[in-house]
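What follows is one structure encoded as structure tokens, with my remarks underneath.
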């Protein structure tokens with residue numbers, strides 16, 4: 001693999017030109033004042049929906065944050081790493097109006113990730129016809145490792161990433177529950193007939209992959225049906241994986257990381273029947289959010305994979321040849337911001353969420369724009 005490329009130069013001024021290996025760009029602030037924003041989706045009219053982990057769904061219109069949050073959200077419980085997480089539009093949004101929300105719900109000390117859908121009324125700024133379509137089981141103690149990313153597949157199914165709920169890590173090898181899995185459902189929450197564990201007497205039929213620790217990034221590679229996902233490792237061992245139906249990604253039986261205390265979790269990094277990552281990071285970068293770039297404004301970046309880094313506070317660009325990572329570059333390091341999400345906008349620009357109590361939406365545009 002190629003070595004690390006250079007850091008972005010300069011500070012965070014919106015007009016400043018940043019240099020990278022492939023393309024020079026500027027950073028514009030689209031909106032600010034968001035409370036720990038987590039996910040975003042682009043509406044056909046140009047508006048952006050943004051989730052705040054604290055439990056609000058916000059609308060950005062004409063590069064301005066609408067003061068009032070969207071009403072009518074499903075009941076949720078925010079705390080720790082949980083709250084309102086990702087948002088996604090139905091592939092047929094223009095016809096059916098559905099938007100999907102991932103969030104944590106339950107009673108105090110007894111929570112897990114759920115998905116609901118509703119129809120957004122932009123005039124009243126409210127969700128109608130809200131229904132919960134999936135609830136991960138079991139609900140457990142703790143406020144960590146909820147996963148929570150959503151991704152539609154070209155076949156119309158919906159993938160939801162889940163976490164092992166931290167203290168229940170061994171359950172990621174147990175397909176009798178949803179802990180440490182990625183699930184695949186139909187838009188109404190029913191189970192696709194071709195899911196890998198349909199018909200099993202011991203496995204949950206929604207499960208698509210298992211042996212995952214805490215997946216907070218998932219993306220479809222343009223022009224293919226291939227879904228990629230990355231997951232947080234413990235102390236070291238963050239992984240980028242190419243998803244295969246029914247595959248076991250090994251956690252915690254195999255891992256490239258150790259416990260936060262320094263204790264050994266497993267003495268194995270490989271085992272029969274368990275997938276190897278495309279690439280792993282040690283030390284951890286704490287990846288979150290992910291998108292492939294296929295836009296016109298940055299032709300040099302077409303086909304590259306972008307992901308946020310929370311711990312190392314940068315946007316990471318990966319160059320791929322086939323299914324192999326052949327180069328990496330750190331962008332936006334000068335901002336010293338926790339990058340929670342990155343999306344390719346319909347205008348071809350890259351949009352980034354910074355995770356703080358005064359979070360921002362940033363837009364990367366070519367330096368010549």
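Answer yes if at least one residue in segment 315-324 is modelled with pLDDT of 95 or more and within 23 Å of residue 63 (Cα to Cα), and no otherwise. Please lay out each step first, then the result.
Here is the first cut: in segment 315-324, the residues modelled with pLDDT of 95 or more are 315-324.
Now restrict to residues that are within 23 Å of residue 63 (Cα to Cα): 315.
Scanning segment 315-324, I find at least one residue that is modelled with pLDDT of 95 or more and within 23 Å of residue 63 (Cα to Cα), so the answer is yes.
Just for segment 297-310: of the residues that are under 21 Å from residue 322 (Cα atoms) and part of a loop (DSSP other than H, G, I, E, B), which one is nearest to the chain's Cα centre (by Cα)? Walk me through it before giving the result.
Here is the first cut: in segment 297-310, the ones under 21 Å from residue 322 (Cα atoms) are 298-307.
Next, from what is left, pick out any that are part of a loop (DSSP other than H, G, I, E, B): 298, 302-304.
On the way: 298: 22, 302: 20, 303: 18, 304: 17 Å.
Per the criteria, the residue is 304.
Any idea how many residues of segment 333-351 are buried (at least 22 other Cβ atoms within 10 Å of the Cβ) and farther than 19 Å from residue 299 by Cα?
4
So, residue 181, is that one surrounded by 22 or more Cβ atoms within 10 Å (Cβ to Cβ), touching a residue at least 24 places away in the same chain (Cβ under 8 Å), closer than 26 Å to residue 224 by Cβ and in contact with a helix residue (DSSP H, G or I) (Cβ under 9 Å, 6 or more places away or on another chain) or not? Even if it seems obvious, please write down each step before you answer.
On the way: surrounded by 22 or more Cβ atoms within 10 Å (Cβ to Cβ): yes; touching a residue at least 24 places away in the same chain (Cβ under 8 Å): yes; closer than 26 Å to residue 224 by Cβ: yes; in contact with a helix residue (DSSP H, G or I) (Cβ under 9 Å, 6 or more places away or on another chain): yes.
Judged against the criteria, residue 181 is a match.
Given the condition more than 22 Å from residue 137 (Cβ to Cβ), in contact (Cβ under 8 Å) with a residue 40 or more places away in the chain and assigned to a loop (DSSP other than H, G, I, E, B), answer yes or no: does some residue in segment 201-216 qualify?
To start, the set of residues in segment 201-216 that are more than 22 Å from residue 137 (Cβ to Cβ) comprises none.
No, the conditions are met nowhere in segment 201-216.
Taking the condition under 26 Å from residue 145 (Cα atoms), modelled with pLDDT of 95 or more and crowded, with 17+ Cβ neighbours inside 10 Å, does residue 89 pass?
Here the answer is yes, as residue 89 does meet what is asked.
Listed here are the residues, each with its yes/no results for (1) crowded, with 22+ Cβ neighbours inside 10 Å; (2) touching a helix residue (DSSP H, G or I) at 6+ places or on another chain (Cβ under 9 Å); (3) over 24 Å from residue 340 (Cα atoms).
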| position | (1), (2), (3) |
| --- | --- |
| 157 | no, no, yes |
| 165 | yes, yes, no |
| 188 | no, no, yes |
| 194 | no, no, yes |
| 202 | no, no, yes |
| 229 | yes, no, no |
| 235 | no, no, no |
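Restricting the first residue to segment 240-254 and requiring it to be in contact (Cβ under 8 Å) with a residue 40 or more places away in the chain, which pairs with a second residue that is assigned to a strand (DSSP E or B) and surrounded by fewer than 19 Cβ atoms within 10 Å (Cβ to Cβ) meet a Cβ separation below 8 Å and a spacing of at least six or different chains?
240/279; 240/325
From the list 74, 67, exactly one residue is within 21 Å of residue 131 (Cβ to Cβ), part of a loop (DSSP other than H, G, I, E, B) and out of contact with any helix residue (DSSP H, G or I) (no Cβ under 6 Å at 6 or more places or on another chain). Which is it?
That would be 74, the only listed residue that is within 21 Å of residue 131 (Cβ to Cβ), part of a loop (DSSP other than H, G, I, E, B) and out of contact with any helix residue (DSSP H, G or I) (no Cβ under 6 Å at 6 or more places or on another chain).
Considering segment 53-64 alone, what residues qualify as being part of a strand (DSSP E or B) and either on the phi > 0 side of the Ramachandran plot or crowded, with 16+ Cβ neighbours inside 10 Å (or both)? Please lay out each step first, then the result.
Step one: of segment 53-64, the residues part of a strand (DSSP E or B) are 56-61, 64.
Once the filter is applied, which keeps residues that are part of a strand (DSSP E or B) and either on the phi > 0 side of the Ramachandran plot or crowded, with 16+ Cβ neighbours inside 10 Å (or both), segment 53-64 yields 56, 57, 58, 59, 60.
Only one of these is outside any strand (DSSP E or B) and either within 23 Å of residue 109 (Cβ to Cβ) or within 15 Å of the chain's Cα centre (by Cα) (or both): 219, 176, 229. Name it.
Values: 219 fails: outside any strand (DSSP E or B); 229 fails: outside any strand (DSSP E or B).
Answer to the check: 176.
Within segment 70-86, track down each residue that is surrounded by 18 or more Cβ atoms within 10 Å (Cβ to Cβ) and in contact (Cβ under 8 Å) with a residue 60 or more places away in the chain.
81, 82, 85, 86 - these are the residues of segment 70-86 that are surrounded by 18 or more Cβ atoms within 10 Å (Cβ to Cβ) and in contact (Cβ under 8 Å) with a residue 60 or more places away in the chain.
Any residue at all in segment 77-85 that's at positive phi and part of a strand (DSSP E or B)? Even if it seems obvious, please write down each step before you answer.
First, pick out the residues of segment 77-85 that are at positive phi: 79-80, 83.
Adding the requirement that they be part of a strand (DSSP E or B) leaves 79.
The answer is yes, given that some residue of segment 77-85 is at positive phi and part of a strand (DSSP E or B).
Mind listing whichever residues of segment 182-203 are closer than 12 Å to residue 156 by Cα and more than 24 Å from the chain's Cα centre (by Cα)?
Matches in segment 182-203: none.
Given the criteria buried (at least 20 other Cβ atoms within 10 Å of the Cβ), over 17 Å from the mean Cα position of the chain (by Cα), under 30 Å from residue 33 (Cα atoms) and touching a residue at least 24 places away in the same chain (Cβ under 8 Å), does residue 315 qualify?
No, not satisfied.
The values are calculated or read from the model by the stated rules, or taken from the named source; none is laboratory data. It should be emphasised that the depicted structure is a prediction, and the values quoted were computed from it without experimental measurement. Note that each Cβ is placed from the backbone with ideal geometry, even for glycine, and that neighbours are counted across all protein chains shown.
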